[in-house]
Structure formats: C-alpha cells, structure tokens
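Following: one structure in structure tokens, then a few remarks.
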Amino acid sequence: MFFERLKELQQKNLYRQIKDRASPQGPRIVIDGRELINFASNDYLGLANHPDIIASAIDAVKEFGFGSGASRLLGGGAALHKRLEDKVAQFKGTEASLMFNSGYSANTGIIPSIAGEGDIILSDELNHASIIDGCRLSRARTLMYKHRDITHLSALIRKELSLSDSADGRFIIITDSVFSMEGDIAPLSEIYNVCLALNSEPRTQDSILLYIDDAHGTGVLGNGRGALAHFNIRPEPWVIQMGTCSKALGSFGAFIAADRDVVEWLTNTSRSFIFSTVLPACIAAASLKAVELIEETPQLIERLWRNRAKLVNGLRERGYDAGTSGTPVIPLRLGGLEDTLNMSQHLYNHGIYAPAIRPPAVKEPLIRITVTAAHSEEDIDALVQALHC
Ligand SMILES: *Cc1c(COP(=O)(O)O)cnc(C)c1O
C-alpha cells in the first residue's frame, strides 16, 4: 500500500532518512563513524551538553527518580516543575507560566483553548507547522496574512470587521517571533501597535489576543528573554508568549508565559496539557539550570552573536546572501532541489553537516545553517571554505 508512495518520494528526491548521532549534540558530532562540524542544531548556546545542566539533571533523577508517572493534574509534577515555572515567569516578566511537553504539544493544545468557533485567527503564512495544526484543531476561521506584511494583516482585520457576522468573535493574531527557516524576525512592534489600536475601538476592545511563538527567540534575542524584550514590548494581559526549552536552552519541553488568568484557563482546558504525562522532573531541572546559566553568563549570547556576524561576513565575501535573516538561522538558497542536495552532499564530504531542507517543510529547498555560541572560529572558516571550493 505504501510501497509505491515511498518509491514516488524517492523519485522526487523527497525521501528522507534518519541519521542518528554516535556522540552528544554539539558543534562536532559523529555520524556514520565520522566526525562532522554540525551546522544543523538549534542548540544555539551550546547548552545541550553543558556539565552544569547534566549535573542538575542527574541530581534531580537521584531526588525524584526518572518517570513522572501521571499527568500534571494527577500528581505527575514535582516541586521542580513549579520552580521552573516561577523562574520562567520572572525571566519573562509575566505573572505566571505553565510547562508543556513540547513546543508542538504547546501550540496544538493552547491555540484551541484560546480560539474557537466564531473567532478569527490571523496567522503569518510562514508560521511553524505546529501553529498551523493548532489553528486547524481550534475550528476558528483562520486567515493567513502574507509573511511579515502588516498592511495585509490590517486589511484582513478591517475586512472582517466590515462583515456583519463577525459580530462578537475574538481576533487572535499568531506569529513566530523568529521564523524557523528564514531566520527573520517578526515585526512585533508594528503588530503590537495594530493590537493597541484595535483595543481602543469599542467593537474590538477586550477581544484581541497576540500569541507569539518564541521558540527561536528564547535564549537568543533580548538578552535571552526573547522577542518581546528585544523590542521592549511590555507583556500586556492580552499578549501570550509561548517558548521552548528544546532549542537555545539545550533541554526539552515548552512553556507559556502570560497573565495568571490565561495560565489557569490553559491548566483547565488545554488538552495536550491535561491528557498527557508530564515531563520527568530531571527535564525541568535541566531547563531551570539553563535559564540560570543564561542569566549568569551574558558571554554565551555575546559569543553567539559574534559567531553569527563572522559567518554572515564570510558568506557575504563569498557571494552568498543571508536573505532576510536577522538571527543565527541562515537560509542558503542554491537553486533547485538537486543543486541543494548536491551542495549538502559536498559539504558532508568536506566534514560539514548541513542537511537540505525540502518540501513540505519549505516551499523552495534550502540549506538551513544554524551557527551557535559553541562553534570555534575554525569551524566557521571551514564552512565558508567548503562552500567555496
Ligand atoms: C521547534 C519549533 C516548535 C516545536 O517545538 P518542539 O519543542 O521541538 O516540539 C514550535 N514552534 C517553532 C517556531 C519551532 O521552531
């Protein structure tokens, strides 16, 4: 039944294969018995294999054991989960926070809790797949606006407001803070201003929500506090920030940071929170330690941005353009699927791991380079060199 379909994927060069490491995650990884310089991880600060984080996780295993045994509401949580939530809320400057098992389960659980039939979601066309799935599950009317296009976003809202049957629905604007494939940053100040304007109109007052997926902003932008801090935007009661512990924090899981009412509502209604076993306490311990390290060690983020600048300069000198990227995620467009796959293989042959990203993850194939704080100058030089020859 699936044999022909798999063959079709292979013929179209869309067949993917898992490549597992024989080493920890980091700037150098071992795959198929070879050490490769790794430009494919989201471990932006090099924390995934940090000794303090490992020690925290081990201590937590000793104190709380491994398995968590139940959902949070049924006693699966440990003191560490709450400690992490308090820390995240303080870090983000919000009243409260709640852990989710992953970014995927956060988006698919939260969006249907805050948007439903009769509501209107406005979603950037390049939002992450988990947002798209969350919107589908919500049954709200979902309108896609053109990527980072505030004029289009505003026009869609105006049009909806002019329709009589939009009588009392809520408007929920949803955007990635940093887009995971392009590495560009959402125009959050402008989006925030659109929300402010709507909040001062009688029809839309108290019916606007702004939901930000800060998966790639957390630990990277705003001294690690994320995109809102980067833009100096206050976390208003109508702003909901979601973030992940699985990328720059080098851990696993996700969180929501928002007003207490929002957090209590999600605790009571979000299906991926209610109907899933909570993450083990050692994962919460690792995430907590990561946030502490980010606060205590500003050099980590400085090194990340220094490495990013070095790579972008190197690319530019070789005639590569970083597109609209404003972050350590840099898309390299090399033409069609075949050229992209060939370049990825070429890099692999030169000891560099940078797999091609292809449809359906992206419309046009690309090599998604992620540079981290853990890369050495030599690592970055090696990539630039290999692209050239
Ligand atoms: C990675 C990612 C997610 C999913 O997070 P996981 O913790 O890996 O499930 C959600 N949103 C965005 C924008 C992401 O890049």
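No lab work stands behind these numbers, since they all come straight from the coordinates. Since the structure is predicted, the reported quantities are computational estimates derived from the model, not experimental observations. FYI the Cβ positions are ideal-geometry reconstructions off the backbone, even for glycines, and counts take in every protein chain you see.
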Among the residues of the stretch 339-348, is any surrounded by 13 or more Cβ atoms within 10 Å (Cβ to Cβ), under 23 Å from G250 (Cα atoms) and of a type outside the set (S, T, N, Q)? no
Residue ID - nearest to A373 (Cα to Cα), chosen from residues in the stretch 200-220 that are away from the ligand (no atom under 11 Å from the Cβ) and either touching a Ser or Thr at 6+ places or on another chain (Cβ under 9 Å) or basic (K, R) (or both): V220
Please specify each residue of the stretch 228-269 satisfying the condition of being among the hydroxyl-bearing types (S, T, Y) and either within 11 Å of the ligand (Cβ to nearest atom) or closer than 17 Å to A89 by Cβ (or both). T244, S246, S251, T267
When the stretch 1-15 is examined, which residues are found to be exposed (fewer than 11 other Cβ atoms within 10 Å of the Cβ), in a loop (DSSP other than H, G, I, E, B) and not aliphatic (A, V, I, L, M)? F2
Identify the residue in the stretch 103-125 that is touching a strand residue (DSSP E or B) at 6+ places or on another chain (Cβ under 7 Å) and assigned to a loop (DSSP other than H, G, I, E, B) and, among all such residues, is farthest from the ligand (Cβ to nearest atom). D119
Consider only pairs whose beta carbons are under 9 Å apart and that are at least six residues apart or on different chains; among these, list those whose first residue lies in the stretch 115-131 and is on the phi > 0 side of the Ramachandran plot and whose second residue is small (G, A, S) and more than 11 Å from the ligand (Cβ to nearest atom). G118/A140; G118/S166; G118/A167; G118/G169
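Going by the structure shown, is G69 part of a loop (DSSP other than H, G, I, E, B), on the phi > 0 side of the Ramachandran plot and more than 16 Å from the ligand (Cβ to nearest atom)?
yes
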Top-ranked residue of the stretch 138-153 - restricted to ones that are surrounded by fewer than 18 Cβ atoms within 10 Å (Cβ to Cβ) and either within 16 Å of the ligand (Cβ to nearest atom) or touching a residue at least 40 places away in the same chain (Cβ under 8 Å) (or both), ranked as nearest to G217 (Cα to Cα): H147
